[in-house]
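Note sheet for the following structure.
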Amino acid sequence: MTLAQLSLTVAVLAVLGLVASRFGLSAIPAYLLAGLILGPHEPTTFSLIRPSEVTEFVAELGIVFLLFFLGLEFSLGRLTRSGRHFVFGGTLDLAVNAGLGLILGVVAFGFSFGAIALANPPFCYT
């Protein structure tokens with residue numbers, strides 16, 4: 001990554017962050033959009049930055065900052081106010097994933113350990 005590419009990255013982040021704040025939005029979606037615009041993704045004709053060790057480091061640092069900013073915007077009070085929604089959504093997610101996993105497992109493997117493994121969501125996410 002050259003100094004010109006780094007300055008282009010910072011400039012795009014600044015502009016998109018200002019545009020997001022002008023519309024009263026969080027800067028996080030703007031930063032994600034900047035990563036899509038600048039990054040080495042398909043189609044490659046739009047990628048402005050070439051991958052290197054520095055870009056990988058900056059990308060990992062960006063993920064850390066993204067999680068940090070999400071933590072700042074999501075307070076404990078907001079979590080407790082939304083607790084009922086999280087419990088309902090999590091329970092619904094668990095039931096749907098476990099049910100579909102069990103049905104898929106029984107169809108694919110018969111009633112065996114493979115079917116139960118597919119129905120168990122922790123196995124699905126690892």
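The values are calculated or read from the model by the stated rules, or taken from the named source; none is laboratory data. All values derive from a computational prediction rather than experimental measurement. A quick note on method: Cβ atoms are made from the backbone with ideal geometry, for glycine too, and the neighbour counts reach across all protein chains shown.
List every residue pair whose Cβ atoms lie under 7 Å apart, where the two residues are 6 or more positions apart in sequence or sit on different chains, the first residue falls within the range 13-40 and is in a helix (DSSP H, G or I), and the second residue, located anywhere, is of a type in the set (S, T, N, Q) and modelled with pLDDT under 80.
Short answer, once both residue conditions are applied: A20/S26; L38/T9.
Any idea which of (1) over 30 Å from V12 (Cβ atoms); (2) at pLDDT below 75 is the one H41 doesn't satisfy?
Every condition holds for H41 apart from (1).
Name the single residue that is farthest from the chain's Cα centre (by Cα) among those in the range 51-104 being exposed (fewer than 12 other Cβ atoms within 10 Å of the Cβ) and touching a residue at least 40 places away in the same chain (Cβ under 8 Å).
Filtering first and then ranking leaves E73.
Looking at the structure I just gave you, is G24 of a type outside the set (A, V, I, L, M, F, W, C) and at pLDDT 80 or above? Reasoning before the result, please.
Values: of a type outside the set (A, V, I, L, M, F, W, C): yes; at pLDDT 80 or above: yes.
So G24 fits the description; yes.
Could you run through the range 68-104 and say how many residues are in contact with a Ser or Thr (Cβ under 8 Å, 6 or more places away or on another chain) and small (G, A, S)?
Qualifying residue count for the region: 0.
Here's the yes/no breakdown for (1) assigned by TED's automatic domain parsing to the domain that holds Y31; (2) at pLDDT 80 or above; (3) not in a helix (DSSP H, G or I); (4) not acidic (D, E):
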{"position": "E56", "(1), (2), (3), (4)": "yes, no, no, no"}
{"position": "L61", "(1), (2), (3), (4)": "yes, no, no, yes"}
{"position": "V64", "(1), (2), (3), (4)": "yes, yes, no, yes"}
{"position": "L70", "(1), (2), (3), (4)": "yes, no, no, yes"}
{"position": "R84", "(1), (2), (3), (4)": "no, yes, no, yes"}
{"position": "D93", "(1), (2), (3), (4)": "no, yes, no, no"}
{"position": "V96", "(1), (2), (3), (4)": "no, yes, no, yes"}
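Going by the structure shown, is L32 closer than 18 Å to E73 by Cβ and at pLDDT 80 or above? Even if it seems obvious, please write down each step before you answer.
Numbers: closer than 18 Å to E73 by Cβ: yes; at pLDDT 80 or above: no.
It is false that L32 is closer than 18 Å to E73 by Cβ and at pLDDT 80 or above.
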